1. Taking H placed 1.01 Å from N in the peptide plane, check which residues at least 5 places from residue A:273 or on another chain put their amide H under 5 Å from its amide H.
2. Evaluate E = 1/(1 + (r/R0)^6) for residue A:330 and residue A:149, where r is the Cβ-Cβ distance and R0 equals 35 Å; express this FRET efficiency to the nearest 0.05.
3. Among DSSP beta bridges lying fully in the protein assembly as shown, give the percent that are antiparallel, nearest 5.
4. Could you tell me the largest-minus-smallest coordinate of the C-alpha atoms of segment B:11-90 on each of the three principal axes, in descending order and whole angstroms?
5. Using the per-residue mean of other Cβ atoms lying within 10 Å as a proxy for protection, in what order, highest first, do the peptides C:314-323, A:256-265, C:242-251 fall?
6. Using a basic spin-label model with each label point 7 Å from the Cα along Cα→Cβ, how many nm lie between residue A:361 and residue A:97?
7. Once both axes come from the Cα atoms, what is the angle between helix C:17-28 and the longest principal axis of chain C, in degrees from 0 to 90, rounded to 10?
8. Would you calculate, for the protein assembly as shown, the mean residue ellipticity at 222 nm contributed by helices, counting each DSSP H stretch of 4 or more residues as -39,500 (n - 2.57) and dividing by all residues, to the nearest 500?
Amino acid sequence: MRSVDVVVIGAGPAGMSCAVEASAAGLSVLVLDENPAPGGQIWRGIETATERRGRILGPDYGAGRTVAQAFRASKADYLPSALVWNISTEKVVEYSHRGASHQVQAGAVVSATGAFERPNPLPGWTLPGVTTVGALQILLKSAGLVEEDAVLVGSGPLLWLMAAQLVDAGVPPKAVVETTPKGRVLAALRHLPRALRARDYLWKGLALMRRVKAAGVPVHSHATGIRIEGKDQAEAVSFAANGRRVRIESGHIALHHGVVPNQQVTRLMRAEHVWDASQMCFRPVLSDMGETSVAGLFVAGDGTGIGGAKAAALQGRLLGLRLAARAGRSVAPERIERLSAGLAREGSVRPFLEALYAPPAWINAPEDATIVCRCEEITAGQVRAAVDLGAPGPNQVKSYLRSGMGPCQGRVCGLLVSQIIAAKRGLPPQKDDYYRIRPPMKPLPLTELAAYRPEGAK
Amino acid sequence: MPKRIETGGATVTFTFDGRPVTAIAGDSVASALAAAGITRLRDSVVSGAPRGIHCMMGACFDCLVEIDGIPNRQACMTLAAEGMTVRAQQGAVSVSEGGRA
Amino acid sequence: MTRNEAASDTLVIGGGVVGAALAWGLARAGERVTVLDDGDIVLRASRGNFGLVWVQSKGANMFDYARWTRRSADLWPEFAAMIGEETDLDLAYEKPGGMHFMLSETELEAARARNFAMKDVTGPDDYGAEIVDRHELDKIFPGLGPDVIGGSYGHHDGHVNPLKLLRGLHIAMEARGVRYVSNARVESVAKDGAGFAAETAKGRFSAAKVVLAAGHGTTELAPALGLDMPLRPEKGQILVTERCATRLLPMPTHVLRQTDEGTVLIGDSHENTGYSTASYTPVLTDIARHALRCFPALAALKVVRSWGCVRVLSPDGCPVYHASETCPGAFAIACHSGVTLAAAHAMELAGVIASGSFGDRFAAFHPRRFSHAQAH
Ligand SMILES: Cc1cc2nc3c(=O)[nH]c(=O)nc-3n(C[C@H](O)[C@H](O)[C@H](O)COP(=O)(O)OP(=O)(O)OC[C@H]3O[C@@H](n4cnc5c(N)ncnc54)[C@H](O)[C@@H]3O)c2cc1C
């Protein structure tokens, strides 16, 4: 079996940066990513984006070009279009590439698989024409595609960034419907002094809002009671704001309530997690070095808790250096210190942003009739009834209902189901309140599994 | 309505339910379909409700389509290629005796 | 948190398919029942099994078990209908018979010999399993792989959606007044005055009788009640495909079963890895290869998930039913094939337990058979 010092899963800011540093220090590194090109979500299409796209997407996006170049130039071995579908406790990484599965023994595994958008379980959210805001941005980055007259609904920095980018692309959204509840600004203010250490973020955020408003985009604040209407296709979104019901017709409704760590790898490996009440999500428990409770499994980037692209890149570099130092390579301590200081500075704005953009509580408490598991079409009411029946947690709910058994394997509904159960119990989700993840992490052709001969097979 | 912000460049053509769809470099099957204004990609397996792209990053599995005879492929994770035959899906996959979908 | 619950007639410890079937049956017999169950992530065979209601080959080493299995299979249609009626949940139970594919002459010969040995087990020529040749198999299973040379067809075999069975039992028992308390792992259970008391994180529960039906959890609790539960773990891994609209299999087979939802379950392994439920891919690839040899049409499907689950096995693989000699009113029930036996457990065993003693029934399932085996 092939053996490498480090297998990095994910070629986003964290994964690429980790690979660059670790390989520069002399470790053998293999980077596996399901996507056909480096960049991850934030720097998607970074090697191919046209100049015009680059202008619309701005300098934060452009910064990815340098990182991707350094990554390409590094000694790290990079295998795109490679889907990791299992990792054994002995850190044998199994992946699918061009229709065949392979295995590689890793000394250390770095999960740099980033984040997913928080699910938006609203009436009508399964209709064609309803996407996440992240999906809109991916269309722009990788395909130069924009939606005219889209309505953006939700909260968080990405909502405003996307709105501004649509303005810059000449197709301003039909409306921005903000769901941030009243009073959040006040709550966030106590974090402001610390956030000022990273004030460029704050200015950028304010500038985005100004740009969107200056373009004449109608902005509705503190919206609640959101419903997407339509029969076979989204036709309109309606909501309550300022004491009245508003209805806006549009064939494209984009939803966003922040992003949450992708737990697939860390849960697959049974690493310990904690509930993060501030970010309303689980994150893996990590040592100072970035190691999970499973020896040899490390996490960098948004998978550790949401920190953004800059923090992810810094975390990746730091982890790369630390893995090298751990393997006995010489690493200048000042470099580690400098990166750590940079990371601390990046982190200083988070409490402010988290307080300001904490999703409204109702987004995690859908109406009984609303679908939470999109694959198996299980509603929030069914989940609640399963808890009433006595289900002790999400895995029993899954057995009762099939929620989380569809092809997405709970990527979309997992967090929601955990939260719905917890709300019924009147306690925050407990650390193991999550679906047990099993291989294959994504559906794999039976023929491919049969053709695969890992060590130990008959 | 979808709109490309740039024009020109190489294109490839594939079909969706028999109808030609033009894709540009970098397009996934999903983005090319979105650009063509096609939003309904399948009917769900339980209730038969219409579904289309949702997350565009391989997480939600809502953009499942049949590509070159293989069903349940993520349109957003598959690069568009010349001559592909893409089809919408109705419910769960069907299988023939010989093991072809 | 302590809570002193009003006494029930019977405490059932374990809310898997064995405990739930007994609790429902006890409630049907007029008892007030409390079921104490563990948490979300525990060994729970009832959540990871294959869903066969299987008669052929069961009890080849103990004819009493063969007869008991058959009894359950005969009761299953009525049992499924009752649960269905009481819950509005279709358990997807079907009894089309079941096929065991044979891929070698040795396998086929062994099956032939077994069927012959068991032919009169439930009455003259009543066993209901017969060897079918390749030609007949082709008529039943179009698209069968070339390596399958024959099969053993069991007339009394069938299958059920095991997850719906567990859910149905939980709904039905609660509808009959059973109190189901989860996240209530029993730490200890002991004689308490005229009855029994169980200590859990959710407080102390007491009742006149107690039934240990906690799968592997039974072993630890049994000695305090003068019960003996020699059980061993054995891991089975199973693959499941995406949903398939085509009915690929007209009946369940011992390693392939299409569920009512359309998914195909592909089993299964027998691994000695202790109580671990961890996935092990070399075995999963073996399972995949074997499935494709049997049924090449599966080549069109994707595997969505796999899992590992631990079987509850006694040393001889047959059930262990023990009524405590030293603490009358305490029972321990454990078995493999708890799905198959669910109907007999619910409709017959529960009634016997309600009567307070086994009387002269189930002597063959007494654990003393294991100490005898050791003595000789
Ligand atoms: C891979 C596999 C395939 C199988 N296929 C079939 C099949 O096709 N047909 C068939 O008939 N059978 C099959 N079986 C067997 C069947 O699943 C079991 O016989 C049956 O589920 C056993 O049920 P149980 O209730 O005894 O145990 P379990 O389902 O394990 O339930 C035990 C319960 O007790 C609880 N518990 C444990 N300790 C405590 C405690 N201290 N306090 C409170 N609660 C406790 C647990 O939480 C659990 O809920 C299969 C099993 C496996 C592993």
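The values are calculated or read from the model by the stated rules, or taken from the named source; none is laboratory data. Because the structure is a prediction, the values reported are computed rather than measured. Note that each Cβ is placed from the backbone with ideal geometry, even for glycine, and that neighbours are counted across all protein chains shown. The protein model used for the area step is the full one, side chains on, heavy atoms only, and it has no ligands, DNA or RNA in it. Shrake-Rupley method; radii C 1.70, N 1.55, O 1.52, S 1.80 Å.
1. Hits under the 5 Å cutoff: A:285.
2. Values: r = 58 Å, r/R0 = 1.64.
Given R0 = 35 Å and the Cβ-Cβ separation, E is 0.05.
3. Details: 94 of 148 bridges.
The antiparallel fraction comes to roughly 65 percent.
4. 36, 25, 22
5. Values: C:314-323: 21.1, A:256-265: 24.9, C:242-251: 18.4.
Highest-to-lowest ranking by the protection proxy: A:256-265, C:314-323, C:242-251.
6. Result for the modelled spin labels: 5.0 nm.
7. 60 degrees
8. Numbers: 27 runs with 279 residues, N = 935.
Only helices count here, giving -9000 deg cm²/dmol.
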